[in-house]
1. Could you let me know the centre-to-centre spacing of region A:59-91 and region B:3-32, using Cα atoms, in angstrom?
2. Using only Cα atoms, figure out Rg for region A:137-205 and give it as a multiple of 2.2 N^0.38 Å.
3. For B:Asp44 and B:Ala75, compute 0.36 nm times the residue count separating them, minus their Cα-Cα distance, and round to one decimal in nm.
4. Take every residue in peptide B:61-71, count the Cβ atoms of other chains within 10 Å of its Cβ, and give the average of those counts.
5. Using 7 Å Cα-to-Cβ label points, what is the A:Ala178/B:Glu84 separation (nm, one decimal)?
6. Relative contact order for region B:158-267 using alpha-carbon pairs under 8 Å, separation at least 6, rounded to a whole percent?
7. Charges at C-beta only: +1 for Lys and Arg, -1 for Asp and Glu. How large is the resulting dipole of region A:140-215 about its Cα centre, in Debye rounded to 20?
8. For a quick check: with amide H placed at 1.01 Å from N, whose amide H comes under 5 Å from B:Gly200's, ignoring anything fewer than 5 positions away on the same chain?
Amino acid sequence: MSLLAVRRPPLGTVADVPTTQGSVHQGAEPDDIEVARRFVDGDEQALAWAYERWAAQVHGMAVRAFGPGPDAEDVTQQTFISAWTGRSRYRPDQGALPAWLVGVCRHKIADTWAKRERQRRSTEAATSEARSAPTAGPGSELAAEVADRVLLLGELNRIGQPQRSIIELAFFEDLTHAQIAARTGIPLGTVKSHIRRTLERLRDRLEVDGAALRS
Amino acid sequence: MQHCDPDELALAALGEQPPPECAAHLDDCAECEREVASLRRSVDVLAVPALATPRQAVAPPPQVWAAIAAATGVAVSPRPAEIEAGLSRGIPMPRPAQAETATAETVDPEPAGSTVLPFRSRSARGPAARWLPLAAAVLVGGLIGAGAVAATQDGAGGAVVAQAGLDPLPEQIASGTAEVRERSGVRELQVDLDVPALDGAYYEVWLLQADAQRMVPVGIVQQGATVLRLPDGIDLSAYPLVDVSVEPLDGDPTHSGVSVVRGALST
Ligand SMILES: [Zn+2]
């Protein structure tokens, strides 16, 4: 099948492209699909292009979670490092590269919350030991939620399409099922039953491995 | 007592207003209420603003790239001017199979800064009508192949009300079967496919009228089994053909004109 031979034209062309060390710019910028293809192939220039195009969005997300500063910067750099070293896990047929980067960033944010929570608890444990107070304080509920978030983001990654995009539109874009159906062209009834099955699957995952019920 | 449709309970867990009957029922039914509460836990965990799709871009300071370059060993560098330009770029909405459809623009305007891909002209993928003359031939083949199928009761999935063998179209290496099952008024189409993997495209199943002039999209299907709910009220005798097409990731919601398998439902 030669479907890939037909590509949409680049969104914009840059007339004056300064050449970058170690790269060959040929006058026109590659489109996002081409950047994604080269990224998967391990072309270093594609990492720089991806950073040019999407680092500000990824960093915006990190700043929203942690405020400007070292934590946000760490999330952004970890997102791109993980995406690059784990590029073989990117599946173009499952979605666009920037959307995948945002998904990686979500994991890094959740991981950072979990790390902070562990630090907070170890500090608290040291303090409460001195006072011989019980360790299960008001923070344990937060700890469980932080752990469940890491667990469920991992489970989302295992959900196939179109189910995963449907639930992501509901969770992360706050769209109703009718808006999702309109946006995707997937029939309303199909959207509804996919949402139900996915929520059931996530519930099962929480019931088996969730921290909230065990704590 | 008639409980709420489980799908409606799932939507209620996402915060959508259930239909009036279900909403009234939920006020009195502890069982349905428990179901909503149990489904809501994952919503509470994941649907938080900090994880939502970014809206506000912030250019990272230079040390971020320096750390990435050090960790990955890449020798190239992003151009600072282009990172600034990235501030006005958007993250494309997640879309099933990247269906960047016309409705994305017409139904709900994209938030400012989001990427909306331009449409590609239909002619780019070849004459849409080229598969239409094939329909008649496949219809005959499908009817001969399918034979008479008695409705069988299947405890899990409901009663089988129609079946089709799916045969490859010329030059396609693919095969499959389709089954329509009905349970308490709801009909589902199960498609079992043996098809090649695609790159940059996906499979979609359609119900076609016998003359293949009109069609209803049922949903996206994959290698192996996929179960999809049929639109309520669709008359299968008016749409007797099951068709599986290859849809490029171009956001055009109409049939691509490239089908891999097709067969006629027999009841
Ligand atoms: Zn009930």
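1. Here the answer is 39 Å between Cα centres.
2. Numbers: Rg = 13.9 Å, N = 69, 2.2 N^0.38 = 11.0 Å.
Rg over 2.2 N^0.38 Å, computed on Cα atoms: 1.27.
3. Between B:Asp44 and B:Ala75, full extension yields 6.9 nm more.
4. That works out to 6 on average.
5. Once both label points are built, they end up 4.5 nm from each other.
6. 31
7. 340
8. Under 5 Å from the amide H of B:Gly200 lie the amide H atoms of A:Asp93, each far enough along the sequence or on another chain.
The values are calculated or read from the model by the stated rules, or taken from the named source; none is laboratory data. Bear in mind the structure is a predicted one, so any value in this text is a computation, not a measurement. Neighbour counts are summed over all protein chains in view; Cβ atoms, including those assigned to glycine, are modelled from backbone coordinates with ideal geometry. Each accessible area value is taken on the protein alone, full model and side chains, heavy atoms only, with ligands, DNA and RNA left out. Shrake-Rupley method; radii C 1.70, N 1.55, O 1.52, S 1.80 Å.
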